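All remarks here apply to the structure that follows.
We did not get these values from a lab; they are worked out from the coordinates using the rules stated. Note that the structure is predicted; figures quoted are calculated from it, not measured. Here the Cβ is made from the backbone with ideal geometry for all residues, glycine too, and neighbour counts use every protein chain on show.
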Amino acid sequence: MSSERRRTQTQAAGAPAGQPSGSPMPYLRMMRPDHWFKNVFVLPGAILAVFFEPERATSAALLPLLGTLAATCIVASSNYVLNELLDAPQDREHPVKHRRPAASGLVRPLPALALWLALALLGLGLAWSVNPYVGRSALALWTMGIVYNVPPWRTKELPYLDVISESVNNPIRLMLGWFALIGDAFPPVSLGIAYWMFGAFFMAIKRFAEYRHIDDAEAAGRYRRSFVHYDEDRLLVGLFFFAMMGALFTGVFVVRYHLELILAMPLVAGFMTWYLRIGLAPDSPVQHPERLWHERAFVGYALLCVVAFFGLMFVHVPAMYDWFNVELSNHSPLWTLGGR
């Protein structure tokens, strides 16, 4: 798309297109329930907890896990409402996001702020009812929404920090799943950092796809201030860095705790390569992760990777430790909490 045509589109989107109607639907859209699928990243934390302490895999664990998932979705919706409300002026510069309710002028600020706060209180209250560590993790998730969106921090406007501060939600989700089952020990730091860095890798690809789709450096800078610094080369170099860091800390976790997971690494590398290929496509669906469900072959392969990785966590191949000259770990010590 030419720069002139893109400029015409963003100018046309520069003012709200509608008026608040009193209907609850625009407010419900701001909650983005179609994005709740992202909270599936809570589940690996629960699986990790069962790996370290198999006795936690009981029917009694189902209720706190479901409560944690529900609380995470509600807190995430609170963050989405705040994000959309504060991003409305910039979203009007975007060729697609200008249709969002706040950017379109379909919601009023005060009711939207009330919704943001009500969702936060509901989500945090539900999280705290599971246990205090789930509550504190949910509070961290909500706080990062403020750091990411609200001045004077508003880290989404800062190059590279925008990617890092948004992707930190991934290890927070990992902790939510872990603490739903284990409330007296901390999960392995190496896997938490790996989760963070791989999340940054995926987020950097999203930024790359957005930048290419806007196809106008000036318009991109109006939409997101960090794009003033970015270009395609810098974004590609950044995502390569995040991939390398994710691989490094995954390697630390694998060697330290369960060497058999190395068998899943070629599949994981294939998944990341495929995701990058999708991200390089014109008008890539990675700009809107909910659209990735239409990539059925990719989704099927992703499920295969998940099954292989977490399945191998419960498989033992003693000979591998001889092949790689690695001693078998006894999984301890975990960091303990609350005087365990």
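Return the total of residues in segment 180-196 being crowded, with 24+ Cβ neighbours inside 10 Å and within 23 Å of residue 273 (Cβ to Cβ).
So the answer is 2.
Among the residues of segment 256-292 satisfying the criterion of being in contact with a Cys (Cβ under 9 Å, 6 or more places away or on another chain) and of a type outside the set (A, V, I, L, M), which is surrounded by the most Cβ atoms within 10 Å (Cβ to Cβ)? Give the steps one after another, and end with the answer.
Residues of segment 256-292 in contact with a Cys (Cβ under 9 Å, 6 or more places away or on another chain): 264, 267-268, 270-271.
Now narrow it down to the ones that are of a type outside the set (A, V, I, L, M): 270-271.
Details: 270: 13, 271: 19.
By that ranking, first place goes to 271.
Could you list, in sequence order, all residues of segment 239-253 that are surrounded by fewer than 22 Cβ atoms within 10 Å (Cβ to Cβ) and either under 15 Å from residue 279 (Cα atoms) or not aromatic (Phe, Trp, Tyr) (or both)?
From segment 239-253, those surrounded by fewer than 22 Cβ atoms within 10 Å (Cβ to Cβ) are 240-241, 243-245, 247-249, 251-253; that's our starting set.
Of everything in segment 239-253, those that are surrounded by fewer than 22 Cβ atoms within 10 Å (Cβ to Cβ) and either under 15 Å from residue 279 (Cα atoms) or not aromatic (Phe, Trp, Tyr) (or both) turn out to be 240, 243, 244, 245, 247, 248, 251, 252.
When both residues are 6+ apart or on different chains and their Cβ atoms are under 6 Å apart, which pairs have a first residue that lies in segment 216-234 and is without any contact (Cβ under 8 Å) to a residue 60 or more places away in the chain, and a second that is of a type in the set (A, V, I, L, M)?
Cβ pairs passing all conditions: 220/214; 221/228; 227/220.
Yes or no: segment 174-183 includes at least one residue that is without any contact (Cβ under 8 Å) to a residue 60 or more places away in the chain, of a type in the set (A, V, I, L, M) and assigned to a helix (DSSP H, G or I). Steps first, answer last, please.
Here is the first cut: in segment 174-183, the ones without any contact (Cβ under 8 Å) to a residue 60 or more places away in the chain are none.
No, segment 174-183 has no match at all.
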